[in-house]
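Structure, as structure tokens:
The values are calculated or read from the model by the stated rules, or taken from the named source; none is laboratory data. Worth saying up front: this structure is predicted, and the values here are computed from it rather than measured. Please note: Cβ atoms are built from the backbone with ideal geometry, for glycine as well, and neighbour counts cover all protein chains shown.
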Amino acid sequence: MNALPRRRGRGARLPRRSLMIGAGLFPIVIAGCGTGVAERTVATGDEDLLEAHGFADADARAIIDQLEALPVAERPQDLIASVTPVSLQLQDEVGREAELPLPEGLFYLSVAPYLETTHECAFHSLTTCRGELSNREITVRAVDSSSGETLEDGTRTTHDNGFLGLWMPRGITVELTCTVEDVTGTASIDTQAEDALTCLTSLQLT
């Protein structure tokens, strides 16, 4: 897709446990495996885009973490940054595109627990997606469904965009539970499939 997509509205209301559907900004390209989480590889695209936006020396994980944590007012308006199960895909307003592979063996999921209002999403947009509960303390528990290993168990604060980011092992199923005060929601997360969701907006707290 060459044109920048329109930002989705925030007012959509989804039924509980609704299935998120959608498509990424670009075709998924399976990048060559690296040897460490800090590897800097551009699978495809334009180095000028990365330099223009201050990402010349950053890998996919660093860019994702940086953009996810930015206050909404400081997020670049001329950049679309979409996370797929295998890569970070970037496009700016002049049509330049770049793709960076995610760290080997890791999967990124951005979660926006909600009480009443959410939006449909499949591949998380770091610059446009907005969740209902911004800057809120949330108790997060993530468990490997097969091994029973606890991947995360503690309190997190959602970013200004209403999301919190989770880096998890690739190739597993995760039972994710989020709690705010006396309301809780649970979802089963797949980190294996090439079309696995990287944007979880269907986790309603009840």
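So, Arg61, is that one assigned to a loop (DSSP other than H, G, I, E, B) and either modelled with pLDDT of 95 or more or of a type in the set (D, E, K, R) (or both) or not?
The answer is no for Arg61.
Just checking, which of Val94, Val83, Val72 is at pLDDT 95 or above, among the β-branched types (Val, Ile, Thr) and either over 16 Å from Trp167 (Cα atoms) or surrounded by fewer than 23 Cβ atoms within 10 Å (Cβ to Cβ) (or both)?
None of the other options fit; the residue is Val72.
Give all pairs with beta carbons closer than 8 Å in which a residue from region 37-62 that is at positive phi meets a residue that is at pLDDT 90 or above; count only pairs at least 6 apart in sequence or on separate chains.
Sorted first by the residue in region 37-62, then by its partner, the pairs are Gly45/Leu90; Gly45/Arg96; Gly45/Glu97; Gly45/Ala98; Gly45/Glu99.
Residues checked against (1) surrounded by fewer than 19 Cβ atoms within 10 Å (Cβ to Cβ); (2) in contact with a helix residue (DSSP H, G or I) (Cβ under 6 Å, 6 or more places away or on another chain); (3) part of a loop (DSSP other than H, G, I, E, B); (4) modelled with pLDDT under 95:
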residue: Thr118; (1), (2), (3), (4): no, no, yes, no
residue: Phe123; (1), (2), (3), (4): no, no, yes, no
residue: Arg130; (1), (2), (3), (4): no, no, yes, no
residue: Ser134; (1), (2), (3), (4): yes, no, yes, no
residue: Arg141; (1), (2), (3), (4): yes, no, no, no
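For region 163-172, which positions are surrounded by fewer than 18 Cβ atoms within 10 Å (Cβ to Cβ) and assigned to a strand (DSSP E or B)?
Of everything in region 163-172, those that are surrounded by fewer than 18 Cβ atoms within 10 Å (Cβ to Cβ) and assigned to a strand (DSSP E or B) turn out to be Trp167, Pro169.
Among the listed residues Ser202, Ser134, identify the single one that is under 15 Å from the mean Cα position of the chain (by Cα), touching a residue at least 24 places away in the same chain (Cβ under 8 Å) and farther than 24 Å from Ala60 by Cβ.
Only one candidate qualifies: Ser202.
From the list Arg8, Arg17, which residue is modelled with pLDDT under 50, under 22 Å from Asp195 (Cβ atoms) and touching a His at 6+ places or on another chain (Cβ under 9 Å)?
Arg8
Quickly run through region 143-162 and pick out the residues that are polar (S, T, N, Q) and buried (at least 20 other Cβ atoms within 10 Å of the Cβ).
Matches in region 143-162: Thr158, Asn161.
If you scan region 154-195, which residues turn out to be among the β-branched types (Val, Ile, Thr) and within 20 Å of Val86 (Cβ to Cβ)?
Within region 154-195, Ile172, Thr173, Val174, Ile189, Thr191 qualify.
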